[in-house]
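The values are calculated or read from the model by the stated rules, or taken from the named source; none is laboratory data. The model shown is predicted, which means the values in this text are computed figures rather than measured ones. For neighbour counting, all protein chains shown are included, and Cβ atoms are generated from backbone atoms with ideal geometry for every residue, glycine included. The area values use the complete protein model at the heavy-atom level, side chains included, leaving out ligands, DNA and RNA. Shrake-Rupley method; radii C 1.70, N 1.55, O 1.52, S 1.80 Å.
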Amino acid sequence: MSANHRREAIIQILRTAGVPVSGTELSQECEVSRQIIVQDISWLRAAGHQILSTTKGYLLQSSPSCSCVLKVQHTDEQIEDELNTIVDLGGTVVDVSVYHDVYGYLKAPLYVASRHQVQEFLDSLKKRKANPLKNLTANIHCHTIEAETNAILQMIEQALKSKGYLIQRV
């Protein structure tokens with residue numbers, strides 16, 4: 001398979017998957033090394049494709065109709081409720097970010113869009129005994145939220161406000 005055909009195949013795989021696809025899966029599908037996939041992803045990004053790297057693999061970023069950034073605060077025990085509230089109303093939690101006095105702006109991709117993905121994220125935190133980024137900043141953090149309409153974003157904002165999680169829309 002030529003490099004151009006392989007890159008077209010990578011875009012097609014990412015477009016149809018709808019979930020992150022690991023470099024290993026792509027390398028097996030295209031019958032090349034993982035390093036070739038890394039190079040192809042770099043080339044595709046340079047060509048203008050919006051390919052995101054997540055902890056679960058590569059994701060082709062679609063153009064959402066609407067997005068916003070919400071500043072929130074809650075305990076570790078409320079993470080599941082916060083994320084489920086967002087996805088149940090039709091939102092996708094794109095990322096989490098914090099501003100730390102020493103380290104500055106820290107941001108991590110999440111791409112959580114379903115209860116199943118919420119549970120996978122929580123299981124990953126627990127398995128790795130990892131602390132959420134929000135713990136660096138007295139539980140204050142931001143999420144970029146994507147949704148099909150502004151009305152959905154407003155419902156999410158109102159639901160988080162009623163639960164006492166929302167500080168402000170940024």
Which condition number in (1) within 30 Å of residue 37 (Cα to Cα); (2) surrounded by 15 or more Cβ atoms within 10 Å (Cβ to Cβ); (3) not β-branched (Val, Ile, Thr) is the one that residue 153 fails?
(1)
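Considering only helices (runs of 4 or more DSSP H) fully contained in the range 1-91, which possess at least 3 residues that are within 25 Å of residue 136 (Cα to Cα) and open to solvent by 10 Å² or more (accessible area, probe 1.4 Å)? Step through it out loud before you land on a result.
Numbers: elements: 3-17, 23-30, 34-46, 79-88.
Here the list reads 79-88.
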Kindly check whether there is at least one residue in the range 106-119 that is without any contact (Cβ under 8 Å) to a residue 60 or more places away in the chain, among the aromatic types (Phe, Trp, Tyr) and farther than 19 Å from residue 75 by Cβ.
no
What about residue 105, is it touching a Phe, Trp or Tyr at 6+ places or on another chain (Cβ under 7 Å) and outside any loop (DSSP other than H, G, I, E, B)?
yes
